[in-house]
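The values are calculated or read from the model by the stated rules, or taken from the named source; none is laboratory data. Small disclaimer: the values here were computed from a predicted structure and weren't measured. Using ideal geometry, Cβ is built from the backbone for each residue, glycine included, and neighbour counts are taken over all protein chains shown.
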Amino acid sequence: MGTNQKQSTENFIKDIRRKTRRLFSSEQKILIVMEALRGETSTAEICRKHGINQALFYKWNKEFMEAGKKRLNGDTTREATSDEVTELRKENLRLKEMVADLMLRYDIVKKSLSILE
């Protein structure tokens, strides 16, 4: 097996792992972090139970604590997630296309009415 074959096999496996990665909702992340905060089980055991890496858990924990701190400090602004931004951009584009279409139709109707006069 050559180096290129080994590299492409590793990339193939990484792609499969990336595509089959579990996506956790924000509610699931909060429940997992809160489970650890109760202190009834170790972080390692919680991570094994939910099939997540400890580094990922600690990232969620940090985000959870920072969000709570901001909220308690009165910072109620919420950052949009990248999915929300993507959806808003799509909606914005769709609305711009609708306005352009309506303006075109308006011009056509206006010209047809001026011909009749």
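Observations
- Odd one out for Arg22, checked against (1) in contact with a Gly (Cβ under 8 Å, 6 or more places away or on another chain); (2) outside any loop (DSSP other than H, G, I, E, B): (2)
- Of all residues making up the stretch 12-58, the number that are over 28 Å from Thr81 (Cβ atoms) and not aromatic (Phe, Trp, Tyr): 7
- Looking across Glu40, Glu35, Glu79, Glu10, one residue alone is modelled with pLDDT under 90 and either outside any helix (DSSP H, G or I) or touching a helix residue (DSSP H, G or I) at 6+ places or on another chain (Cβ under 6 Å) (or both). It is Glu79.
- Residue pairs meeting the criteria (Cβ under 7 Å; at least 6 apart or on separate chains; first in contact (Cβ under 8 Å) with a residue 24 or more places away in the chain, in the stretch 40-68; second assigned to a loop (DSSP other than H, G, I, E, B) and not hydrophobic (A, V, I, L, M, F, W, C)): Gly51/Arg22
- Summed over the stretch 43-56, the residues that are part of a helix (DSSP H, G or I) and under 18 Å from Arg17 (Cβ atoms) give a count of 6.
- Every residue from the stretch 25-65 that is under 24 Å from the mean Cα position of the chain (by Cα) and acidic (Asp, Glu): Glu27, Glu35, Glu63
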